[in-house]
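**Student:** The following block contains the structure, expressed as structure tokens.
The values are calculated or read from the model by the stated rules, or taken from the named source; none is laboratory data. These figures come from a predicted structure and were not determined experimentally. So basically every Cβ, Gly included, is an ideal-geometry build from the backbone, and we count neighbours across all protein chains shown. To get the accessible areas, we keep the full protein, side chains included, count just its heavy atoms, and leave off ligands, DNA and RNA. Shrake-Rupley method; radii C 1.70, N 1.55, O 1.52, S 1.80 Å.
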Amino acid sequence: MSTIERRYRVAVLPGDGIGPEVVSQAVRVLEAAAERHGFGTEARYYPVGGAALDAHLDVLPKETLGACLESDAILLGAVGGPQWDDVAPDQRPERALLRLRKELGVFVNLRPVAVLEGASGASPLRPDVVEGVDLVVVRELTGGIYFGASFEMPDEGTDRVESAGNVMEYTRFEIERVARKAFELARQRRGRVTSVDKANVLAVSRLWRAVVSELHASEYDDVALEHLYVDNAAMQLVRQPRAFDVILTGNLFGDILSDLAATLPGSLGMLPSASLGGRHGLFEPVHGSAPEIVGTGRANPLAAILSVAMMLDFLGETEAAETVRAAVTTVLAAGYRTADMETESSRPLATGQMGAAVAASVSGQATDEQDFLAEQLYSHL
Ligand code: IPM
Ligand code: MN
């Protein structure tokens, strides 16, 4: 055994809605993985989003941002909720996330979508369509229409907005650096990139397509590249999702397509994400704050837990990452599901029970023997 201690500082930003519920389960699994694999974690909690606005009058307090910049990795729950619908645009909880992404310089967002073995029953699509799906959406995260110029023009002498707009813009530099990540990722996977744009209509997309094609020709011609218009891509994603390996796209199209791709595993509650670029790593479930199920135990912590697995990869703890993924597979294979993925034959678990089940499996206590797990879950929780 090495005596060099591996110790990671993790800034934990639970945020709003179900964020705190899923994040606490994810931290529990992180700690179990640390114990099992012999490294240390120091999780410190900081406010973000609506919760931070209410407590500190700012959706992204300086202290939170500072802590994120100094940490080894950041775990975020979710931001937003109806109670903040009427606050000024620059203080909407969502702004915190956009500012955080920009400040951290995490320009590439990886959203893997896999239908885990035996878990196809929860999808609204036919099992024979979704079985074996294994793709990654590579979404540009710090540019495009999310960060372009915007205006809201009131009628003269009134405050009634008459026209409004946002500019979707990209530079060559921004496109090339995210495209490079997609090609590199494809090389480690099945060697296929689908770049998604709207080049038949938008100038910004024509630049996107040109830059992706040039980079492909000059440095990545071993990777198979195809271009799809975003409307067609949406259709192909539900028609033949197994045809996709790496989907490369801009900020807005990536936002939309990743929610669409969530129908493949059957729930947004299964989708983790990693936002990378430079030195920082921000890990968050793709689902939002889901205010309608707060406090009901219906939230699925697996997206947050799988985000922890991505964090462990980023920290170089690849074995621990594999342990966490295997634990999730084990628990699903035993038939356990949170409410979002219930089927007739599944065994229902609340948020905390699901976290406990995965943590127990990570610790090596649980096996896939259903009785053993059931005993763990129902007698001790
Ligand atoms: C996401 C979310 C965010 C986004 C919101 C909350 C700003 O929908 O991460 O997909 O649009 O990027
Ligand atoms: Mn989204």
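**Student:** How do the helices (runs of 4 or more DSSP H) wholly within the range 1-90 filter down when requiring 2 or more residues that are modelled with pLDDT of 95 or more and touching a strand residue (DSSP E or B) at 6+ places or on another chain (Cβ under 6 Å): which remain?
**Tutor:** By residue number, 19-37, 62-70.
**Student:** Exactly one condition in (1) more than 24 Å from P127 (Cα to Cα); (2) not in a helix (DSSP H, G or I) is false for E292; which is it?
**Tutor:** With respect to (1) more than 24 Å from P127 (Cα to Cα); (2) not in a helix (DSSP H, G or I), E292 is out only on (2).
**Student:** Can you tell me which condition I247 does not meet? The list is (1) modelled with pLDDT of 95 or more; (2) part of a helix (DSSP H, G or I), and all the others hold.
**Tutor:** (2)
**Student:** With the range 137-214 as the region, which strands (runs of 3 or more DSSP E) entirely inside it contain at least 1 residues that are closer than 21 Å to A234 by Cβ and either among the hydroxyl-bearing types (S, T, Y) or touching a Leu at 6+ places or on another chain (Cβ under 6 Å) (or both)?
**Tutor:** Correct list: 192-197.
**Student:** With the condition kept exactly as written, say whether any residue in the range 308-325 is touching a Pro at 6+ places or on another chain (Cβ under 6 Å) and either within 30 Å of E342 (Cβ to Cβ) or within 16 Å of ligand 2 (Cβ to nearest atom) (or both).
**Tutor:** yes
**Student:** Another question about this same structure. Under the condition of being among the β-branched types (V, I, T) and within 11 Å of ligand 2 (Cβ to nearest atom), which residue from the range 256-291 is farthest from L116 (Cα to Cα)?
**Tutor:** Among those residues, the one meeting the criterion is I256.
**Student:** OK, next. Output the residue which, of all residues in the range 232-254 that are under 13 Å from V136 (Cα atoms) and charged (D, E, K, R), is farthest from ligand 2 (Cβ to nearest atom).
**Tutor:** Taking the candidates together, the pick is R242.
**Student:** Could you list all residues from the range 295-312 that are more than 16 Å from ligand 1 (Cβ to nearest atom) and open to solvent by 10 Å² or more (accessible area, probe 1.4 Å)?
**Tutor:** Those that are more than 16 Å from ligand 1 (Cβ to nearest atom) and open to solvent by 10 Å² or more (accessible area, probe 1.4 Å): G295, T296, G297, R298.
Matching residues to (1) more than 16 Å from ligand 2 (Cβ to nearest atom); (2) hydroxyl-bearing (S, T, Y); (3) out of contact with any helix residue (DSSP H, G or I) (no Cβ under 7 Å at 6 or more places or on another chain):
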{"site": "G50", "(1), (2), (3)": "yes, no, no"}
{"site": "A55", "(1), (2), (3)": "yes, no, yes"}
{"site": "T64", "(1), (2), (3)": "yes, yes, no"}
{"site": "G77", "(1), (2), (3)": "no, no, no"}
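**Student:** So which of A114, A43, A122, A52 ends up being touching a Pro at 6+ places or on another chain (Cβ under 6 Å) and touching a residue at least 12 places away in the same chain (Cβ under 8 Å)?
**Tutor:** Within the list A114, A43, A122, A52, the selection yields A52.
**Student:** Next question, about the same structure. Of (1) in contact with a Gly (Cβ under 9 Å, 6 or more places away or on another chain); (2) open to solvent by 50 Å² or more (accessible area, probe 1.4 Å), L202 satisfies all except one. Which?
**Tutor:** (1)
**Student:** Ok, one more. Sort out which residues of the range 118-135 are at pLDDT 80 or above and open to solvent by less than 50 Å² (accessible area, probe 1.4 Å), and write them in order of number.
**Tutor:** Across the range 118-135, the qualifying residues are A122, S123, L125, V129, V130, V133, L135.
**Student:** Give me the pairs, please: first residue somewhere in the range 274-300 and of a type in the set (D, E, K, R), second residue anywhere and not in a helix (DSSP H, G or I), beta-carbon distance under 6 Å, and either six or more positions apart or on two chains.
**Tutor:** Close Cβ pairs satisfying both conditions: E284/L76; E284/S273.
**Student:** Shifting gears a bit: Counting just the residues of the range 242-261 that are within 12 Å of ligand 1 (Cβ to nearest atom) and touching a Gly at 6+ places or on another chain (Cβ under 8 Å), which one comes out farthest from Y170 (Cα to Cα)?
**Tutor:** The qualifying residue farthest from Y170 (Cα to Cα) is L252.
**Student:** Which of the following residues is buried (at least 19 other Cβ atoms within 10 Å of the Cβ) and not aromatic (F, W, Y): V196, V161, V167?
**Tutor:** Answer to the check: V196.
**Student:** If you scan the range 97-108, which residues turn out to be out of contact with any helix residue (DSSP H, G or I) (no Cβ under 7 Å at 6 or more places or on another chain) and either open to solvent by less than 10 Å² (accessible area, probe 1.4 Å) or more than 14 Å from ligand 1 (Cβ to nearest atom) (or both)?
**Tutor:** G105, V106 - these are the residues of the range 97-108 that are out of contact with any helix residue (DSSP H, G or I) (no Cβ under 7 Å at 6 or more places or on another chain) and either open to solvent by less than 10 Å² (accessible area, probe 1.4 Å) or more than 14 Å from ligand 1 (Cβ to nearest atom) (or both).
**Student:** Now, a different point. Looking only at residues in the range 52-97 that are over 18 Å from the mean Cα position of the chain (by Cα) and of a type in the set (G, A, S), which one is farthest from M311 (Cα to Cα)?
**Tutor:** A88
**Student:** Then there's this: Based on this model, can you work out whether S267 counts as closer than 20 Å to G352 by Cβ and open to solvent by 10 Å² or more (accessible area, probe 1.4 Å)?
**Tutor:** Criteria met by S267.
**Student:** Among the candidates L225, L207, L276, L202, single out the residue that is within 16 Å of ligand 1 (Cβ to nearest atom) and among the aliphatic types (A, V, I, L, M).
**Tutor:** Result of the check over L225, L207, L276, L202: L276.
**Student:** Given (1) closer than 25 Å to L271 by Cβ; (2) more than 16 Å from ligand 1 (Cβ to nearest atom); (3) not acidic (D, E), where does P61 come up short, assuming only one miss?
**Tutor:** The single condition P61 does not satisfy is (1).
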